[in-house]
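Notes follow once the structure below has been shown.
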Amino acid sequence: MIKAPSPARSRNMAAIKGKNTKPELIVRRALHAHGYRFRLHRRDLPGNPDIVLPKYRIAVRVNGCFWHGHDCRRGRNLPKTNAEFWKTKIESNIRRDQIARTRLEEAGWHVYDIWDCTIQNGITEVLAVLDQRRLSSQ
């Protein structure tokens, strides 16, 4: 049986931000420093991507490893208490992310996921793609 988390746990987890997180700010600063302009949290796109570069039809999602079930140390470690609840919660987040990604790609967007644990690699990959597109459009 899945039970809801305790009120204290709920309060702690509810305090965790979903927008303007530290990893997201790092990615935004890097993009801006390289001269790219973007929009934030576009509600008219599936999944409300964190960063959208409309000129290049690129959507960037900056994901926390725990919340989005990344296959790394932080993403694999579930809380010991009420483990079934958290397993179900993370699995539903993964399904929701997959649906949003599919819908974005069907609409012609290129989607890049940057994970909290590998943020520098993710930034480098996105910047390389953007620089390539910038050069090919000139």
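General observations
- Residues located in region 78-109, provided they are within 23 Å of Ile26 (Cβ to Cβ), under 14 Å from the mean Cα position of the chain (by Cα) and touching a residue at least 40 places away in the same chain (Cβ under 8 Å): Asp97, Ala100, Arg101, Leu104
- For first residues located in region 20-49 and within 18 Å of Val126 (Cα to Cα), partners that are of a type in the set (D, E, K, R) and buried (at least 18 other Cβ atoms within 10 Å of the Cβ) and lie 6+ apart or on another chain with Cβ distances below 6 Å form the pairs Pro23/Asp116; Glu24/Asp50; Pro49/Arg61.
- Of all the criteria given as (1) farther than 24 Å from His34 by Cα; (2) at pLDDT 95 or above, the one not satisfied by Pro79 is (2).
- Pair list, Cβ < 7 Å and 6+ apart or interchain, from region 124-138 residues that are of a type in the set (Lys, Arg) to residues that are surrounded by 13 or more Cβ atoms within 10 Å (Cβ to Cβ): Arg133/Tyr56
- Residue count, region 110-123 (criterion: closer than 13 Å to Asn63 by Cβ and in contact (Cβ under 8 Å) with a residue 60 or more places away in the chain): 5
- When Leu127 is tested against (1) outside any strand (DSSP E or B); (2) under 30 Å from Lys3 (Cα atoms), just one condition goes unmet, and that condition is (2).
- Filtering region 102-138 to residues that are in contact with a Gly (Cβ under 8 Å, 6 or more places away or on another chain), surrounded by 16 or more Cβ atoms within 10 Å (Cβ to Cβ) and farther than 19 Å from Lys22 by Cβ leaves only Leu104.
- Residues in region 72-91 that are touching a Lys or Arg at 6+ places or on another chain (Cβ under 8 Å) and hydrophobic (A, V, I, L, M, F, W, C) were compared, and the one that is nearest to Cys117 (Cα to Cα) is Leu78.
- The test for being at pLDDT 90 or above, within 19 Å of Pro23 (Cα to Cα), among the β-branched types (Val, Ile, Thr) and assigned to a helix (DSSP H, G or I) does not hold for Ile90.
The values are calculated or read from the model by the stated rules, or taken from the named source; none is laboratory data. This one's a predicted model, so the numbers in the text were calculated from it and none came from an experiment. Glycine gets a Cβ as well: all are built from the backbone with ideal geometry, and neighbour counts include every protein chain shown.
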